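The values are calculated or read from the model by the stated rules, or taken from the named source; none is laboratory data. No experiment lies behind these values; they were computed from the predicted model shown. Glycine gets a Cβ as well: all are built from the backbone with ideal geometry, and neighbour counts include every protein chain shown. We work out accessible area using only protein heavy atoms, side chains counted, and drop any ligands, DNA or RNA first. Shrake-Rupley method; radii C 1.70, N 1.55, O 1.52, S 1.80 Å.
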Amino acid sequence: MMRVYEEITPNNNVMKFICDETLTQGGIEFDKNSTASESPLAQVLLTVPFIQKIFITANFVAIEKIDAIEWSDVVEDLKEIINDHLEENAVLAPMKKAPISIYAEMTPNPAAMKFVSNTMLAPEIIEIKSRDKAAGVPLAVAIYKEYPFVEEVFIVDNYVSLTKNETEDWSLWAMDVRSFITHYLQAGGIVFDEFYEFTTEAPEHVVVKPQEEFSSVEQQIKSILDEYVQPAVANDGGNIELIEFDEETRTARMLLQGACSGCPSSTATLKNGIEGILKEMMPNVVDNVEAVNG
């Protein structure tokens, strides 16, 4: 079965060969002077006289040829070579597994603790508000099973943020949870299932407007949040999303997630920080900020 298809590019000498799976998170370029030890596929392709450069990234292989060759004469053969290596899991050489390490980090929310990994855990936000909604996220299922006092699990990028109930204290459990997550990941435990659907979970009475429906003002607010607010919020183990902007009341409504949800200092952060930034950067447009806990 062919798992590769070609895609033209603005450069007539460069063709992209799209694969049906992610090949690498980064990008690797090879030319005639490369040993290509990182890629059995590149080693084979570089022996072809008309190929000048190869670039492997995301889910595609980009090949640059010389002027004298037409793509129509060689594209099927190249697809076959790439497909064979894809079937044999030989596009890139196996990488040695780096040891996984986790460290625990306090957050402004006394109920929430952040556990930071040296590896990527999730490309988008996973927010689980209760154990009965953990299906599709094996890491969350394991945490809920091991630690009954954990109420919420928030996973994104390279960290897990856990919110507990009032029956236990993080000072007694942080290192134990850290060790559990470390061993789970080192044993090859799955963070989320292959077909897990990433969605923003909001309270039933709150409808988060899709970004493609944002007005120009909402897009501007979103850009300011992403550049000036989100890094600090993520550092505290949480996330903040724009729900909507009410032009009549000049009010921006925000959804607080992760460690930010229910945090006693969140209101002060919103009023003294985010509201002030928006007022300064969008004068006579935004007057108020309101928060909704996720």
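Within straight-line reach of K32, meaning a Cα separation under 12 Å, sit the following aspartates and glutamates at least 8 residues removed in sequence or on another chain: E64. A value for Rg and Dmax of the Cα atoms in Å was derived from the coordinates, and within the list [x] 20.5, 65; [y] 24.0, 73; [z] 19.5, 62 it appears as [y].
Compared with the direct C-alpha span, the chain from N165 to L92 gains 21.8 nm at full extension, assuming 0.36 nm per residue.
Close amide H partners of K53, meaning residues 5 or more places away or on another chain with modelled amide H under 5 Å apart, are E64.
Listed by chain and number, the aspartates and glutamates placed with their C-alpha closer than 15 angstrom to that of K129 are E151, E152, E201, E204; residues fewer than eight positions away on the same chain are left out. Entry note, the chain: relative contact order of 13 percent, from Cα contacts under 8 Å with a spacing of 6+ residues. Estimated purely from DSSP H runs of n ≥ 4, each contributing -39500 (n - 2.57), the mean residue ellipticity at 222 nm for the chain is -7500 deg cm²/dmol once divided by its residues. Where is the GNM fluctuation largest for the chain (alpha-carbon springs, 10 angstrom cutoff): N284, N158, N83? Highest fluctuation of the listed residues: N83. The largest accessible area among D31, D77 belongs to the first residue in D77, D31, and the rest follow in falling order (1.4 Å probe, all chains). Among Q186, Q52, Q220, the largest mean-square fluctuation in a Gaussian network model of the chain (Cα springs under 10 Å) belongs to Q52.
When the C-alpha to C-alpha distance is required to be over 27 Å, the pairs from K16/K222; K145/K222; K164/K222; K114/K222 that qualify are K16/K222; K145/K222; K164/K222.
The residues F192, F115, sorted by heavy-atom accessible surface at 1.4 Å with ligands and nucleic acids left out, run F192, F115 from largest to smallest. Skip the ligands, DNA and RNA, and give the accessible area per residue of the range 97-175 with a 1.4 Å probe, whole Å². The answer is 49 Å² per residue. Give me the dipole magnitude in Debye, nearest 20, for the range 80-135 about the Cα centre, with unit charges on the beta carbon: positive for Lys and Arg, negative for Asp and Glu. Value, rounded to 20: 540 debye.
Beta bridges per DSSP, both residues in the chain: antiparallel share near 90 percent. With a 1.4 Å probe and every protein chain kept in, tell me what percent of the accessible surface of the range 102-158 is carbon plus sulfur. For the range 102-158, the apolar C and S fraction of the accessible surface comes to 57 percent. Largest mean-square fluctuation among V160, V91, V229, in a Gaussian network model of the chain whose springs join Cα atoms under 10 Å apart, belongs to V91.
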